[in-house]
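Below is one structure, written out as structure tokens; the observations come after it.
The values are calculated or read from the model by the stated rules, or taken from the named source; none is laboratory data. Since we're looking at a predicted model, the values are computed, not measured. Glycine also receives a Cβ, built like all others from the backbone with ideal geometry; neighbour counts cover every protein chain displayed.
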Amino acid sequence: LAIRPSHTANDGDTMFGLSTGTHSETVPGDVLHAAALKAVTGAILNAIDSAETLGGVMSAADAKSAQTKRGE
């Protein structure tokens with residue numbers, strides 16, 4: 001998990017989903033919560049990996065590169 005606790009029933013987060021397919025079965029809420037958690041975790045990690053250094057705050061990619069150059 002990227003952020004803990006995340007996506008609990010009472011934390012106030014709102015997730016919206018959209019589907020164009022048809023599905024006659026009902027999906028349990030826990031399954032949807034797990035899918036939302038996985039999607040948000042992936043989005044957070046992607047944002048961290050894609051971020052660039054800005055205003056003197058080093059991005060994760062640049063920090064990792066600096067560590068590699070120093071041999072850490």
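Remarks
- Restricting attention to region 15-64, the residues being within 14 Å of the chain's Cα centre (by Cα) and not in a helix (DSSP H, G or I) number 2.
The rows are residues; the columns are (1) modelled with pLDDT under 75; (2) touching a helix residue (DSSP H, G or I) at 6+ places or on another chain (Cβ under 6 Å); (3) farther than 29 Å from residue 60 by Cα; (4) of a type in the set (Gly, Ala, Ser).
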residue	(1), (2), (3), (4)
9	yes, no, yes, yes
13	yes, no, no, no
18	no, no, yes, no
25	no, no, yes, no
28	no, no, yes, no
33	no, no, no, no
42	no, no, no, yes
